[in-house]
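Structure first, commentary second.
Any read-out appearing in this document is the output of simple, stated calculations on the displayed coordinates, not a laboratory observation. Values in this document were obtained by computation on a predicted structure and should not be read as measured data. Using ideal geometry, Cβ is built from the backbone for each residue, glycine included, and neighbour counts are taken over all protein chains shown.
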Amino acid sequence: MKVLVTVKEVAEVGDDFAIEGTEIAESDLEYDLNEWDDYAIEAGVRLAEDGIADEVVALTIGPERSEETIRMALAKGADRAVRVWDDAIADSFLDVDTKVDLLEAVVDEEEPDLVLTGVQAADDAFGATGVALAERIGFEHAAVVNDLELDADAGVANVRRELEGGVEELTEVDVPAVLTVQTGLNEPRYASLRGIRQAQRKEIATKDLADVGLSPDDVEGALTVTSMYEPESESDAEIIEGDADEAAGRLAEVLREKGVEA
Amino acid sequence: MDFDLTDEQKQLREEVRRFADNEIRPIASEHDREESYPYEVVEKAAEMGLIAPHVPVEYGGVGYSAIENAIIIEELFAVDPGIGLCISGAGFGAEAIMEFGTEEQKEEVLPAVTSGESLLGSAISEPQAGSDVTSIATRAEKDGDEWVLNGSKMWITNGTVGDYFVVLCETDPEIEDRYSGYSQILVEADRDGFEAEKITGKMGVRASDTAEVYLDDVRVPEENLVGQRGMGFLQLMQFFDETRTAIAAQGVGIAKGATERALEYAQEREQFDRPISDFQAIKHKLAEMRTNTEAARWLTYCSAWSVDADPDRATALASMAKEFASRIAVEAADEAVQIHGGAGYVDDHDVERLYRDAKITQIYEGTTEIQKNIIARELLGDGIGV
Ligand SMILES: Cc1cc2nc3c(=O)[nH]c(=O)nc-3n(C[C@H](O)[C@H](O)[C@H](O)COP(=O)(O)OP(=O)(O)OC[C@H]3O[C@@H](n4cnc5c(N)ncnc54)[C@H](O)[C@@H]3O)c2cc1C
């Protein structure tokens with residue numbers, strides 16, 4: 001079985017940042033592996049370690065800088081990686097549909113049995129890419145998966161899905177399938193020192209638009225960012241710290257101040 | 001000349017930092033206060049391959065050089081020197097076995113250490129023998145096909161938690177040459193007559209286990225001799241360049257950790273209606289801390305580089321790096337407390353702990369004074385004495 005894991009390098013900001021036009025200043029951004037994807041990688045690598053997957057391929061859409069992030073997936077145990085990028089991609093805002101175009105092209109070439117994605121990306125948080133990809137490539141799918149057992153012989157993934165309101169659903173999904181992975185599915189490992197060493201020699205194949213059979217017009221997204229601003233905070237939240245005793249004391253104090261009487 | 005780290009080294013640094021932030025930072029204070037050994041995190045570190053990473057791949061290590069070792073140590077010590085020492089010191093003495101041990105010793109000890117199954121220690125110092133290593137009094141005598149050890153060892157890292165110790169002892173007192181007649185012998189902690197007593201009340205690195213070790217007619221098979229009989233002290237000296245570079249990296253880490261915390265606090269704390277980082281006096285402190293850390297780091301990397309690339313220069317460079325980085329660590333921790341004001345004087349801020357931890361780097365693995373003696377000796381070119 002071949003597993004394809006999509007990973008994204010996401011931009012993170014600290015408390016202080018500047019907005020330049022419709023973007024956050026580049027100097028205020030730090031890049032890291034999307035948290036959800038870390039769990040997806042772990043799931044893929046464990047399938048390989050359990051002898052279920054023969055190959056785990058990491059796939060990203062990102063500029064050269066994102067190789068740092070994808071190399072972390074290789075250090076954790078993915079066998080090789082594919083990175084799709086093109087100047088034309090850099091020039092437009094990538095909406096879900098466009099991402100799916102790009103991912104679909106790689107899926108067609110790689111022919112995986114299982115695609116693992118994160119539930120969402122920490123930066124633009126659409127939470128749609130995995131499911132939209134499944135629809136496009138005609139795979140079964142399960143979203144927000146927080147438990148996974150794969151029966152390779154039967155070709156069935158037994159998954160637990162986290163739904164709204166604390167409801168959980170147990171489902172069987174026939175492979176080939178796309179699963180969008182929720183944090184908490186597993187405990188992602190640290191890349192081992194040996195893994196880091198080996199990752200330097202693993203392949204990261206880069207593909208531009210021509211390589212995946214698309215043209216710059218195809219990545220012209222339907223979405224544009226029209227403005228970027230920091231919302232005003234309307235009230236303050238207090239986070240009560242300390243042990244149960246202290247916390248209870250402080251809580252009582254706040255309630256009393258607000259006029260709650262026993 | 002190129003001052004950039006390789007992609008692999010950068011990735012290594014990033015992942016070790018993530019490990020230290022997530023696994024060590026939350027428990028550092030607790031282990032410091034309780035003087036307790038952090039078994040769990042040492043086990044996790046072993047899983048990641050952080051223990052004795054310089055051991056060759058065939059014995060379970062990663063085969064890392066002194067530079068990668070320095071990067072790892074720096075990141076661990078920046079978060080917590082106590083637990084950092086537990087991790088980076090879990091394989092103390094491994095060099096001797098790697099370089100001089102028999103195939104059997106390597107196969108028995110090295111994979112056990114890198115996997116975190118066993119802890120190793122290096123027992124050199126004694127109550128009467130610190131800076132002057134050649135004054136050790138622990139004796140090993142041959143009795144049939146066994147060595148019989150008698151004596152006591154002082155300040156031994158991992159003393160009560162360790163499974164194996166490379167013990168420096170005198171085997172051939174009749175040899176007149178000052179540096180010969182000593183041997184390194186591998187001693188298992190479960191041998192009859194081996195006893196270790198934990199030393200409590202340390203000022204810093206309190207998570208690390210330090211003990212006095214008593215050897216009372218401890219018998220080990222003759223195969224436990226590491227390397228050549230009578231050559232123990234000279235064998236030991238061969239690793240000073242590496243081990244001192246490692247202590248220099250500890251100093252760099254502490255200086256970096258102190259600077260980071262001071263920088264953060266200075267931007268948060270307001271007095272006279274502005275962050276204290278607006279005051280030139282504070283700015284200059286931060287600038288100096290940062291500059292000194294950078295200087296210490298590159299001297300340490302240079303020393304690490306010379307271990308493999310230019311061994312003739314390594315002795316002086318390692319002593320310079322160790323002396324300078326440990327001094328910078330103590331100074332930076334001092335200034336970090338100063339920048340925290342009263343808040344830095346109590347243990348709810350990390351800088352209080354770093355201030356106590358920093359001092360050890362000027363003492364172990366050859367004191368500051370000894371390093372200066374070595375640097376001067378190399379300068380003046382007179383023999384190997386201290
Ligand atoms: C936490 C901790 C962990 C340790 N871990 C280990 C370990 O794992 N294994 C081990 O074998 N040892 C270990 N040590 C011991 C350490 O290496 C010694 O403490 C160190 O070598 C100094 O020896 P000493 O304490 O006897 O000081 P001394 O040698 O008595 O020195 C006292 C003072 O005299 C100065 N001095 C001595 N000789 C000279 C000279 N020739 N010129 C100028 N000044 C001089 C010293 O610099 C120092 O200032 C550890 C110590 C500590 C505190």
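Put in order of Cβ neighbour count within 10 Å, fewest first, the listed residues B:TYR179, A:TYR229, B:TYR164 become A:TYR229, B:TYR179, B:TYR164.
Sorted largest first, the spans of the alpha carbon positions of the protein assembly as shown along the three principal axes are 88, 67, 62 Å.
Candidate cross-link partners of B:LYS142 among the aspartates and glutamates, defined by an alpha-carbon separation under 18 Å and a same-chain spacing of 8 or more, comprise B:GLU170, B:ASP172, B:GLU174, B:GLU188, B:ASP192, B:ASP216, B:ASP217, B:GLU222, B:GLU223.
Cα gyration tensor of region A:1-121, axes a ≥ b ≥ c as square roots of the eigenvalues: rounded (a/c below 1.5), prolate (a/b > b/c) or oblate? Because a/c hits 1.5 or more and a/b exceeds b/c, region A:1-121 counts as prolate.
In this Cβ point-charge picture (+1 for Lys and Arg, -1 for Asp and Glu), the protein assembly as shown has a dipole of about 2640 debye about its Cα centre.
Computed on region A:108-187, with alpha-carbon pairs under 8 angstrom and 6+ residues apart, the relative contact order is 37 percent. Among the residues of B:41-52, the average count of other protein chain beta-carbon atoms within 10 Å of the residue beta-carbon is 2. Once you keep just the Cα pairs under 8 angstrom separated by 6 or more residues, what percentage relative contact order results for region A:84-230? Worked out over region A:84-230, it gives 32 percent. According to the Kirkwood relation over distinct C-alpha pairs, the hydrodynamic radius of chain B is 21.3 Å. The angle between the Cα long axis of helix B:240-268 and the main principal axis of chain B comes to about 20°, on a 0 to 90 degree scale.
Of the residues B:ALA321, B:ALA52, B:ALA376, the one that moves most in a GNM of chain B with alpha-carbon contacts below 10 Å is B:ALA376. Distance from the alpha carbon centroid of region B:207-223 to that of region A:103-148 works out to 58 angstrom.
To the nearest ten degrees, helix B:66-79 and the longest principal axis of the Cα atoms of chain B are 50 degrees apart. Each label was represented as a point 7 Å from its Cα along the Cα-to-Cβ direction; for B:GLU270 and A:VAL167 these points are 4.8 nm apart. Given +1 at the Cβ of Lys and Arg, -1 at the Cβ of Asp and Glu and no other charges, the dipole of region B:233-380 around its Cα centre is 280 debye to the nearest 20. Each Lys and Arg Cβ is given +1 and each Asp and Glu Cβ -1; about its Cα centre, region A:5-119 then shows a dipole of about 340 debye.
Can you classify region A:2-219 as rounded, prolate or oblate using the Cα gyration tensor, where a ≥ b ≥ c are the square roots of its eigenvalues, rounded means a/c under 1.5, and otherwise it's prolate if a/b beats b/c and oblate if not? It comes out rounded by the Cα gyration axes. Residues of region B:338-354 falling in the label zone of A:ILE239, defined by backbone nitrogen less than 20 Å from a point 7 Å along Cα to beta-carbon, are B:348-351.
What whole-number value in cubic angstrom gives the convex hull volume per residue for the C-alpha atoms of region B:218-291?
Numbers: hull volume 10.9 nm³, N = 74.
Given the Cα convex hull of region B:218-291, per-residue volume reads 147 Å³.
Is there a pair in B:LYS202/B:LYS359; B:LYS44/B:LYS198; A:LYS76/A:LYS99 whose C-alpha atoms are over 19 Å apart, and which pairs would that be? List each step's numbers first, then the result.
Details: B:LYS202/B:LYS359 11 Å; B:LYS44/B:LYS198 24 Å; A:LYS76/A:LYS99 25 Å.
From the list (B:LYS202/B:LYS359; B:LYS44/B:LYS198; A:LYS76/A:LYS99), the Cα-Cα distance tops 19 Å for B:LYS44/B:LYS198; A:LYS76/A:LYS99.
Extension gain for B:ARG191-B:ASP217 works out to 8.4 nm (0.36 nm per residue, less the C-alpha to C-alpha distance).
Using only the Cα atoms of region B:233-380, build the gyration tensor, take square roots of its eigenvalues as a ≥ b ≥ c, and label the shape rounded, prolate or oblate: rounded if a/c is under 1.5, else prolate if a/b is larger than b/c, else oblate.
Values: a/c = 3.08, a/b = 2.35, b/c = 1.31.
Because a/c hits 1.5 or more and a/b exceeds b/c, region B:233-380 counts as prolate.
Of A:THR226, A:THR98, A:THR129, the residue with the greatest mean-square motion in the GNM of chain A, using alpha carbon springs below 10 Å, is A:THR226.
With a simple spin-label model that places each label point 7 Å from the Cα along the Cα-to-Cβ direction, the separation between A:VAL225 and A:ASP108 comes to 3.0 nm. Label-to-label distance, A:LYS258 versus B:ASP163, with points set 7 angstrom from Cα along the beta-carbon direction: 5.5 nm.
Contact order, relative form, for region B:7-115: 33 percent (alpha carbon pairs under 8 Å, 6 or more residues apart, mean separation divided by residue count).
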